[in-house]
Amino acid sequence: MTTQFAVTPHTDPRHERLVDDYERDGFVILEDAIDADLVASLRRDAARICRGELGEVDAAPVDVSATADTEELMRQFLCIHYPHKISEVALEALKAPRILDVLTRVIGPNVKAMQSMLFIKSEGKPGQAWHQDEYFIPTRDRSLTAAWIALDDATIENGCLWVLPGSHRRGVLYPDREQNDPAFDCTIEAYDFPWDDADAVPVEIPAGSAIIFNGYLLHRSLQNSGEHGYRRALANHYMSAESLLPWQAMPEGVHVGKHDFRDIVMVAGEDPYGYKGTSDIARPHSRPDKEGGCDR
Ligand SMILES: O=C(O)CCC(=O)C(=O)O
């Protein structure tokens, strides 16, 4: 038994050329990925999520009920994982038709999402060191793909993404280690790869545009060094629905070959594993930065 999902991909023939660029570089920029109204709604929900209005966010960096000023409150949050679990608007953005059109071209017709991350990243907040997303979210067919949607103009100054073009092609996961660089959050860094910082390209994009990138692409972001303001972004992760998702803690007694994290949202096509049903396990939580202590 398979489960059917109605898809309304906004099929745009101009996206065809993006596929070659994606295969060559490991990333493409999708202009106007979402419209201005959705950007405004996502910004509104970002504030509501930080205030706890849409549901509990674990590991919040401040006592939310004791902080009256919304701006002050938002400045404490670096990133909130799984906003799509509590925000209908974030869920809508997970299924944005123009993004789905590109995803179905680079992944295949059947696509599932398993993660969303809402970055607030106000001035002074750190970036994330070099990494490959497949290190964190392993797929079995190397299909992990991110859609990183800018909710503010993303610039070098406010900590846009930097990429190493073509670094996805070898399909190798590079070694990782802890790092103590104050420019970065608590996440480990990849190292010992055959590129250096001089090869890195900043990807500055306006609000509403998205970077679609491959799960093996080495990328990082730097601190928001702007004097004021946020660098908000919504980063959603997708993969082929044909692949099991051996992610998160493995239930006891389950063979690794059968491990399949089913806390997913089908966004295009059909789910060959629909007979398994889905689960609701991951909870929205705030990502620690070094300031708040990495073990928070
Ligand atoms: O937005 C950022 O600062 C980092 C995002 C990132 O590295 C990712 O989404 O994998």
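The values are calculated or read from the model by the stated rules, or taken from the named source; none is laboratory data. If you're wondering where the values come from, they're calculated on a predicted model, not measured in any experiment. Using ideal geometry, Cβ is built from the backbone for each residue, glycine included, and neighbour counts are taken over all protein chains shown. What goes into the accessible areas is simple: the full protein's heavy atoms, side chains included, and nothing from ligands, DNA or RNA. Shrake-Rupley method; radii C 1.70, N 1.55, O 1.52, S 1.80 Å.
Structure summary
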| read-out | value |
| --- | --- |
| Å² of accessible area per residue within segment 126-249, as computed with a 1.4 Å probe and no ligands counted | 37 |
| Cross-link partners of Lys125 among lysines (Cα-Cα below 24 Å; sequence separation of 8 or more within a chain) | Lys290 |
| Modelled FRET efficiency - R0 25 Å, Ile281 with Lys258, Cβ distances, 0.05 increments | 0.90 |
| P(r) weight above 24 Å for segment 3-287, C-alpha pairs, percent | 49 |
| Total charge dipole magnitude, segment 3-287, about the Cα centre, Cβ charges on Lys, Arg, Asp, Glu only, Debye to nearest 20 | 640 |
| Value of Rg/Rh across segment 96-232 [Cα atoms, Kirkwood radius] | 0.95 |
| Cα-centred dipole magnitude for segment 84-236, charges only on beta-carbon of K, R (+1) and D, E (-1), debye, nearest 20 | 720 |
| Convex hull volume per residue for segment 184-296, taking Cα atoms only, in Å³ | 196 |
| Within the accessible area of the chain (1.4 Å probe), percent carbon and sulfur | 49 |
| Phi-based couplings in Hz for segment 64-76 (Karplus 6.51, -1.76, 1.60; Gly and Pro marked x) | 4, 5, 9, 10, 6, 7, 4, 4, 4, 5, 4, 4, 7 |
| Cross-link reach list, lysines versus Lys276, counting only Cα pairs under 21 Å and skipping chain neighbours closer than eight places | Lys85, Lys112, Lys258 |
| Estimated distance in nm for a label pair at Glu16 and Ala68, the labels positioned 7 Å out from Cα along Cα-to-Cβ | 6.0 |
| Listed residue (His168, Ala68, Pro202) projecting farthest to the positive dipole end of the chain, Cβ model | His168 |
| Those Cys residues of the chain for which no other cysteine Cβ falls under 4.7 Å | Cys50, Cys79, Cys160 |
| Linear extension gain, Asp181 paired with His228, 0.36 nm per residue minus alpha-carbon span | 14.7 nm |
| Rounded to whole Hz, the Karplus (6.51, -1.76, 1.60) HN-Hα couplings of segment 41-56, x for glycine and proline | 5, 5, 5, 4, 5, 4, 5, 5, 5, 5, 6, x, 6, 9, x, 5 |
| Reciprocal of mean inverse Cα separation for segment 1-152 (Kirkwood radius, Å) | 17.3 |
| Virtual spin-label span in nm between Asp196 and Arg142, 7 Å along Cα→Cβ | 2.7 |
